[in-house]
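The structure appears below as C-alpha cells.
The values are calculated or read from the model by the stated rules, or taken from the named source; none is laboratory data. Only a predicted model underlies this, so the values are computations on that prediction, with no experimental measurement involved. Using ideal geometry, Cβ is built from the backbone for each residue, glycine included, and neighbour counts are taken over all protein chains shown.
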Amino acid sequence: MSGIFVTGFIATAITLTGAPQANAWGTSGHNIAAGLAESRLTPTAKQEVDRLLAGESKPTLSGVSTWADQIRSDGSALGKESGAWHYVNIAENNCSYDPAVNGNNGSNIVEALRNQTAILADRTQSDASRNQALKFVVHLAEDIAQPMHGGYARDRGGNSTNVTYLGSKTNLHSVWDSRLLAAGKKSDATYVKELTAQPTPALGSTDPAAWVKESCNIAVSPGVYPANSTIGNEYTAKYLPVAENQLKMSGERLARLINTALANG
C-alpha cells in the first residue's frame, strides 16, 4: 500500500479537503517528550518558561503538552482554526513539503510551528500571546515526529486504514499515537528517565520541514503499512523502538527550539 502514490490534482484536492486527523502520540507520548525537553532547558529558558506558564494549572511543559489537542473540541474559533496545524500530508509528494502543493494555504504543522516559535521569541508580544505560542510549540514539535502526521492524504494519515492490533480493532494512526507505547508497558516517568539518560543524538536541521520529511519517510517505509491487517507482537518489536526514537528526537528538538527562542530571557 505504501508504494502506491496518488499524484497531481487529485492528491492536492485530497490534501486540502480531507477531514482533520486524530491526535498524535496521545497523552503519554506528549508527556514523555515534554518531560525530556524540560530536563534539557537552559537556566535562562527555564526561567522564562516558568514565568510564561505561571498561571497554568500545571505550569510545566508536560502540563501544557496536550492543550493544543484539548482546544480542538471546545468549540472555540482557535480550536477550529488550529485543527489543521497538527499535520501536513506530504507522502503523495515523495515526502517533500511544498507550500504550493501540500501547504493548505499555510494551515499546516510546518508553518504553524514556524509562526508560533516566532511569536514565542518576540519580546514585543504580550505575555498572553507568548504563553499561547509556547503551548502550541510544545505540542506541535512533538506532533511533527509522529510518522502518520506527515503521511498520506488518501487515508488521512492512517486514520482510514483499519487494523487489528494485539486483538483490538483500531486504525494505523491510533497504533502510532499510543498503542505502540502502551505495548511497551512502561510508565511515563520511566520513559522520561530512560530517554533522558540516553546521549543526545545529532539533531540535524532546525527547520520543521526537515523534521516532517523524516517522519514521512518512516510512514512510507516498507512494512509500516502491513500486508496483513492483523498485527501484533512482531509489529511491536519492529516499530516500538522507532516510535521511542521519534519521541526522543522530538523532546531534544523541542528543547533546542525553546532554548534558542528564549536565549535572551
Every residue from region 206-237 that is among the hydrophobic types (A, V, I, L, M, F, W, C) and buried (at least 18 other Cβ atoms within 10 Å of the Cβ): ALA209, TRP211, VAL212, CYS216, ILE218, ALA219, VAL220, VAL224, ILE231
GLN132 being among the polar types (S, T, N, Q) and either assigned to a helix (DSSP H, G or I) or touching a strand residue (DSSP E or B) at 6+ places or on another chain (Cβ under 8 Å) (or both): yes
Long-range neighbours under 9 Å by Cβ, at least six apart or interchain, first residue among the basic types (Lys, Arg) within region 206-231, second at pLDDT 95 or above and not in a helix (DSSP H, G or I): LYS213/ILE90; LYS213/CYS95; LYS213/SER96; LYS213/TYR97
Selected residue (only one of TRP176, TRP85 is free of Cβ contacts under 8 Å to residues at least 60 places away in the same chain and within 12 Å of the chain's Cα centre (by Cα)): TRP85
Considering residues of region 39-50 that are in contact (Cβ under 8 Å) with a residue 12 or more places away in the chain and within 16 Å of ALA128 (Cα to Cα) only, the residue nearest to the chain's Cα centre (by Cα): VAL49
Boolean, GLY157 is farther than 19 Å from ASN31 by Cβ and either among the β-branched types (Val, Ile, Thr) or touching a His at 6+ places or on another chain (Cβ under 7 Å) (or both): yes
Selection from region 66-125 of residues that are acidic (Asp, Glu) and in contact with a His (Cβ under 9 Å, 6 or more places away or on another chain): ASP69
Unmet criterion (only one of (1) farther than 27 Å from ARG256 by Cα; (2) touching a Lys or Arg at 6+ places or on another chain (Cβ under 8 Å)) for ILE119: (1)
Total residues in region 240-265, condition closer than 18 Å to HIS173 by Cβ and outside any helix (DSSP H, G or I): 0
Criterion (closer than 30 Å to ALA189 by Cα and either modelled with pLDDT under 95 or acidic (Asp, Glu) (or both)) met by exactly one of GLY63, GLY55, GLY8, GLY18: GLY55
Contacts under 6 angstrom Cβ, first residue in region 104-124 being farther than 27 Å from ALA153 by Cβ, partner crowded, with 18+ Cβ neighbours inside 10 Å and of a type outside the set (A, V, I, L, M, F, W, C), 6 or more apart: LEU120/ARG130
Selected residue (only one of LEU247, LEU203 is touching a residue at least 12 places away in the same chain (Cβ under 8 Å), loosely packed, with under 14 Cβ neighbours inside 10 Å and not basic (Lys, Arg)): LEU203
Members of region 122-141 that are of a type outside the set (D, E, K, R) and over 21 Å from the mean Cα position of the chain (by Cα): THR124, GLN125, SER126, ALA128, SER129
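Residues in region 21-52 that are in a loop (DSSP other than H, G, I, E, B), modelled with pLDDT of 95 or more and crowded, with 21+ Cβ neighbours inside 10 Å: how many?
The qualifying residues number 0.
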